[in-house]
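Below: the structure, in structure tokens.
The values are calculated or read from the model by the stated rules, or taken from the named source; none is laboratory data. Please read these numbers as outputs of a predicted model, since none were measured by experiment. Counting neighbours? That spans all protein chains shown, and the Cβs are built from the backbone with ideal geometry, glycine included.
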């Protein structure tokens, strides 16, 4: 369990610290590097989005930084994994939650089991990004320095491109939901990941088990 | 040579890009490559290698204006030449590297007897020393008559080696000067 | 052959219309390489280098007359030397000028993501525009002939331009001009095909090469460099000329169906979440005033 | 070349042998390809290696280096046996019908009649025609050709040239050819049949060409190989015809010109024979070198050399101006008298003996060119002084720095070496003569770099300095030096256009052509050599080039691209000697009556209405000689006809070519093992002139050659050419490499009796093992372009060694060309 939760001692609202400074740095570090890779990657992906590369300093510049920031992004996710992997382990509760995810989507949270610090959706997103990043890096490596691929193994080149794109598309899917949830669907999330603090109500609503744990309250009876 | 091309590329394709973002990030799609020999000075010459004697065109910078030092920019076959019709072999095609070559000898040098190095020498001094060598050797060894007393007027101690790329006119000067010295060892690449 | 501006009919990585497409009456240009009269003299190699003015590279002896094992970013065309012994013991020494084929359906252009880095002129020349090249080398992946070569210093890819600068000014390509035996010929694609067919007929009738033929592979839509081969059934003998070159299937997949599926998926995702928001709105936390839970 | 580069396109059949034009003359070779493309011409290539020429041939035969006469003799035998000859041509245009003197003996034992073993020379008195009417010349008179030659037009007389020829080559059976050349009998017959097929069933329309280069010249019997080819072409009636001829591809841009202008010891400009000490005055010299016609009485011979005196006097006027007058015998005493050999290899031999003390080398790299380069290096160590004018640092000027010489040893090298920077080709104007005898002017494109100077300026200044010294201090026989004509506008830097005009010649007094009454005024340029006079009223540097720069201007600068006949004559492009004729002996392209053998390839013909020879080319013939006069088309021969049999002193080693083994050979001559080599070839006697035998372990036949990517010792300074072929190599048959355990790219050492050469091995299937006279023989090949100064050499990337360290200094007795092709070596891993 993360030690990084605290109850703010003062303040009428009694906010709870959801993300420590380090976690926030981790998040934004990976987030921004991902965004860069996403923007430049999309530029290479589609002629209709090539203007992104132009905005970011031109195609060649984008091509230069994209793999480097890709590696940085992966390092960020690995760093993150170091701290979060235990928080992210899927539990029996998660599975039940996932079985009823349509209630979550329909805002019938009352029909769902209570969640720990991260809910199953967040966990899935986490693992998607982690493995996605690994696959992106693996395939991306071949795209980075294809000049070293021997002629006999030329078939690796298009295969790598294909897998890279599939992996990227998968993370994009997760990413769209992530942004949607963070920015629109779950108010307070953005504050949480920027300031680190959430209201007790927010914590109780979205992560009841975590809330009870960090506030020292007994777990609820099911 | 082709003034319309660049303007076309700039105007035509740029506008398309502009339509994507509303501003023009790229001035042109195609690099406007100018023909590098469009305004060079052409000199007709002959390839110095084999005896096919391909006609070549040496392109030099500038238009022969007074303030230009000619330097080669390109060498290409002469399409008018009936034999090569503009073609060249790999040697002829690389003649520019022969003209513009950092290994060219650029100053007269002398290696003195017993020395282990070259010394620079001025042209005047070199010519004078060579002339003295020629005269000394000639005066010491000139043969006026042979063993049977017949006039032969020959010089057997100085040899001339003519090269394969010496012009006819130069060769005639060599024949004139060497034969007047009495040189019998007058030989040329033509032999070997 | 263009006298005047070369119109562009296809642009790599490009959204939107292409100005030159169907906008010109230009005919296709073509190089004919009659390998049956090639003497491997390498005049084309030198002429190309001289015209393009590229720096020299260091080469080493490799038990062959071939200048180097493969093309290089500053070496657009290379004679490939192969010794072939027929079943009856007759030796033939095959020499083939290897270079960009200027495919009608260029895999490089298809694969290239950089807007304007590869263009195809209306006369068929496929040209790399290095200032737009991003160095991703997808063109290498897309090319069935293994032609484009990467400059590690400048991170740009290069290949034969078919002397677009010369052709644009009304001249023939440098290699064509140099070729001493005339094994290289330049003209309209139609004329070159006819010339090639004539030569093939002559070989059938007056030489021992009864299986001579023209190499103009349909898999890439035909090429703007065509060969006359002694034996059309064995192009691979000539330094590995592919028998039936195709743009790699995976490249077609990624540039075609996958691209559209991906595009649709992304769009659908965005529309999906937006619709979701409109339907369900934000997920609000419990009222703060409800008091502490037990 | 009797014909020209473009003319090759007119041929139906090519025999390429002793040359590798695809590699060494690629741009000329296009016309051979053109003949294939446009005329379905067949190409036969015979070479020790499967070259890039062979790669485009219709038939390739691998021959042992130096076995060429056996091959060609075999083809002659085949042609005669199968009646594949041009009978009418043979009878009328060659000396086939001439009778040879009784007493002439064919070389069944390897020796012709008259051999003197002590001097290794022939007494050639029996090598002569029989005088008609049985006239006898005085026994002690010097042998000369009879003015009235006996002949048998039926070619049946046993002593007719034709019958002797037939007998001589009857020994060259396909079996014998196989034994000597290593070419399997069936392959030889295929080639012989193909080549002679142009005369199948009496066809006279087709034409075949023979193309060669130094692969023939550079043998101890080189001239005789070329003669064999010429004889074959005469038999087939191919000389003088479009698409025919015997075509020497000269190796360098201007060695044709250098020969024309007599840059060699034994001639003066225009192939005038040098005077020898027996010529005690001008008239005696003229008498000796001017031939008189020798022909059947009923025939006519122009014998153009009868004009020799006009050429010689005009030359003396050109050289010495007013100092050459009738009253001083045209300054005849100024000319050095030559009665022995002063050829290339002799220079180095006598320098090595300490006799040659000074050498002026202008653009000539004698050390690398060899042969036997070590001898040349050691010879230079004994010279007093050496002047090298070059554009790159070369092996000759840096001989004292050659590999193996220590600083200590340099102290003992007394030679003073001047290395002068000359001008490159692009910096000079002037003319070259190409292989097709075209004089072409080139223009200077840019000035020489740095302190480099034009070669003519360097030479002029040296000469004027010498002249000044003689003027001031006197000295031995200063007259020719002081009187040499040097009236150039800038004597220190003569304008080459002035020299070119001097070479063409001008009238010194008014000259009238007796036929046309055309008058050339004093001071005017002469329109042609018909105007040359032997009375001192004309001056001309080289009679052959007379007509190249006339009052009409510099014809060698012409750029007319019209070719109305379509035969590739281009009469208005530059200027071709003699008198702008593009195909020599072109009278022979017509039958006896003056009608072209092939109406589709009309060069010249007899115009009955005009009573003149006219045509697309300039007739190489007396324009008004009617066909019925039966004048021979070979106007430079006193016989007027082509020589199948060369009488008297024409050749040093025999009237018919005979196969002799190269000086170093893996076998004894199967024709006559006791006389294996050319009997008149002499060895040098120095300690460095060593020869190897198979018994000493030198079992591999080695030949040397150029690559298309390089040019002699020049392009190793050119980064582009170095990029194409960065390192030299030794081409080794795969079978030999297997035996020796050598793999491609491995360094090998090649050793001859004279020296060693290091390079990487190129293991190839393009040279195959051969069976020579029942013996397995390997051949290897070495490109010559390595030295010890060059881009790669200076960077230490290649061994600093020269191919000619291996080659022997033993020369052809007629042309004095060394045997660079076909000597013995051994090979081992280095």
Please go through the stretch C:166-189 and give me each residue that is more than 7 Å from every other protein chain (Cβ to nearest Cβ), part of a helix (DSSP H, G or I), modelled with pLDDT of 95 or more and within 20 Å of residue B:37 (Cα to Cα), ordered by number. C:174, C:175, C:176
Subset of the stretch A:163-209, residues at the interface with another protein chain (Cβ under 8 Å from one of its Cβ atoms), touching a strand residue (DSSP E or B) at 6+ places or on another chain (Cβ under 9 Å) and assigned to a loop (DSSP other than H, G, I, E, B), comes to A:188, A:199
Taking the options D:100, D:46, name whichever one is surrounded by 24 or more Cβ atoms within 10 Å (Cβ to Cβ) and over 23 Å from the mean Cα position of the chain (by Cα). D:100
Identify, from the list D:73, D:66, D:19, the residue that is buried (at least 24 other Cβ atoms within 10 Å of the Cβ), within 30 Å of residue D:637 (Cβ to Cβ) and within 14 Å of another protein chain (Cβ to nearest Cβ). D:19
The strands (runs of 3 or more DSSP E) lying entirely within the stretch C:44-139 that contain at least 3 residues which are more than 17 Å from the chain's Cα centre (by Cα), more than 9 Å from chain D (Cβ to nearest Cβ) and touching a residue at least 60 places away in the same chain (Cβ under 8 Å) are C:78-85
So which residues in the stretch D:169-200 are buried (at least 23 other Cβ atoms within 10 Å of the Cβ) and under 21 Å from residue D:90 (Cβ atoms), if there are any at all? D:169, D:172, D:192, D:195, D:196, D:198, D:199
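Quick grid of which residues meet (1) crowded, with 21+ Cβ neighbours inside 10 Å; (2) under 28 Å from residue D:556 (Cα atoms):
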{"residue": "B:90", "(1), (2)": "yes, yes"}
{"residue": "B:100", "(1), (2)": "no, yes"}
{"residue": "B:114", "(1), (2)": "no, no"}
{"residue": "B:119", "(1), (2)": "no, no"}
{"residue": "B:122", "(1), (2)": "no, no"}
{"residue": "B:133", "(1), (2)": "yes, no"}
{"residue": "B:141", "(1), (2)": "no, no"}
{"residue": "B:146", "(1), (2)": "no, no"}
{"residue": "B:163", "(1), (2)": "yes, yes"}
Please pick out the residue among D:503, D:508 that is within 9 Å of chain B (Cβ to nearest Cβ) and in contact with a helix residue (DSSP H, G or I) (Cβ under 7 Å, 6 or more places away or on another chain). D:503
Meets criteria (more than 17 Å from residue C:37 (Cβ to Cβ), surrounded by 22 or more Cβ atoms within 10 Å (Cβ to Cβ) and either in contact with a strand residue (DSSP E or B) (Cβ under 6 Å, 6 or more places away or on another chain) or in contact (Cβ under 8 Å) with a residue 40 or more places away in the chain (or both)) for residue C:160: yes
Could you please find all residues in the stretch B:93-132 being within 14 Å of the chain's Cα centre (by Cα) and within 7 Å of chain D (Cβ to nearest Cβ)? B:94, B:97, B:98, B:99, B:101, B:103, B:104, B:105, B:106
Please go through (1) at pLDDT below 95; (2) part of a helix (DSSP H, G or I) for residue D:162 and return the number of the only condition it doesn't satisfy. (1)
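Okay, residues lined up against (1) surrounded by 24 or more Cβ atoms within 10 Å (Cβ to Cβ); (2) in a loop (DSSP other than H, G, I, E, B); (3) without any contact (Cβ under 8 Å) to a residue 40 or more places away in the chain:
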| site | (1), (2), (3) |
| --- | --- |
| D:293 | no, yes, no |
| D:309 | no, no, no |
| D:313 | yes, no, no |
| D:328 | no, no, yes |
| D:331 | no, no, no |
| D:341 | no, yes, no |
| D:345 | yes, no, no |
| D:351 | yes, no, yes |
| D:367 | yes, no, no |
When the stretch D:270-282 is examined, which residues are found to be in a loop (DSSP other than H, G, I, E, B) and either surrounded by fewer than 21 Cβ atoms within 10 Å (Cβ to Cβ) or in contact with a helix residue (DSSP H, G or I) (Cβ under 6 Å, 6 or more places away or on another chain) (or both)? D:270, D:271, D:275, D:276, D:277, D:278, D:279, D:280, D:281
Scanning the stretch D:24-43 for residues that are more than 25 Å from residue B:90 (Cα to Cα) and either surrounded by 23 or more Cβ atoms within 10 Å (Cβ to Cβ) or facing chain C (nearest Cβ under 9 Å) (or both) gives D:40, D:41, D:42
When residue D:650 is evaluated against the numbered criteria (1) surrounded by fewer than 21 Cβ atoms within 10 Å (Cβ to Cβ); (2) farther than 30 Å from residue D:104 by Cα, which criterion, by number, is the only one it fails? (2)
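For (1) more than 18 Å from residue D:320 (Cβ to Cβ); (2) more than 7 Å from every other protein chain (Cβ to nearest Cβ), each residue gets a yes or a no:
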| residue | (1), (2) |
| --- | --- |
| B:143 | yes, yes |
| B:149 | yes, yes |
| B:159 | yes, no |
| B:162 | yes, no |
| B:166 | yes, no |
| B:177 | no, no |
| B:185 | yes, no |
Looking at (1) in contact (Cβ under 8 Å) with a residue 12 or more places away in the chain; (2) loosely packed, with under 14 Cβ neighbours inside 10 Å, can you tell me which one residue A:110 breaks? (1)
How many residues does the stretch D:315-326 contain that are surrounded by fewer than 20 Cβ atoms within 10 Å (Cβ to Cβ) and in contact with a strand residue (DSSP E or B) (Cβ under 8 Å, 6 or more places away or on another chain)? 1
Within the bounds of the stretch C:283-291, is there any residue that is farther than 20 Å from residue C:36 by Cβ, touching a residue at least 60 places away in the same chain (Cβ under 8 Å) and assigned to a loop (DSSP other than H, G, I, E, B)? no
Given (1) crowded, with 24+ Cβ neighbours inside 10 Å; (2) on the phi > 0 side of the Ramachandran plot, number of the condition residue C:89 does not satisfy: (1)
Among the residues in the stretch D:96-105, are any within 30 Å of residue D:43 (Cβ to Cβ), in the same structural domain as residue D:187 (by TED's automatic domain parsing) and either touching a helix residue (DSSP H, G or I) at 6+ places or on another chain (Cβ under 9 Å) or modelled with pLDDT of 95 or more (or both)? yes
Return yes when residue D:289 is free of Cβ contacts under 8 Å to residues at least 24 places away in the same chain, away from chain B (no Cβ under 14 Å) and touching a strand residue (DSSP E or B) at 6+ places or on another chain (Cβ under 9 Å) and no when it is not. yes
Looking for something surrounded by 22 or more Cβ atoms within 10 Å (Cβ to Cβ), within 14 Å of chain B (Cβ to nearest Cβ), under 23 Å from the mean Cα position of the chain (by Cα) and at pLDDT 95 or above - is there at least one such residue anywhere in the stretch D:673-688? no
Right, residue A:63: more than 19 Å from the chain's Cα centre (by Cα) and over 30 Å from residue C:153 (Cα atoms) or not? no
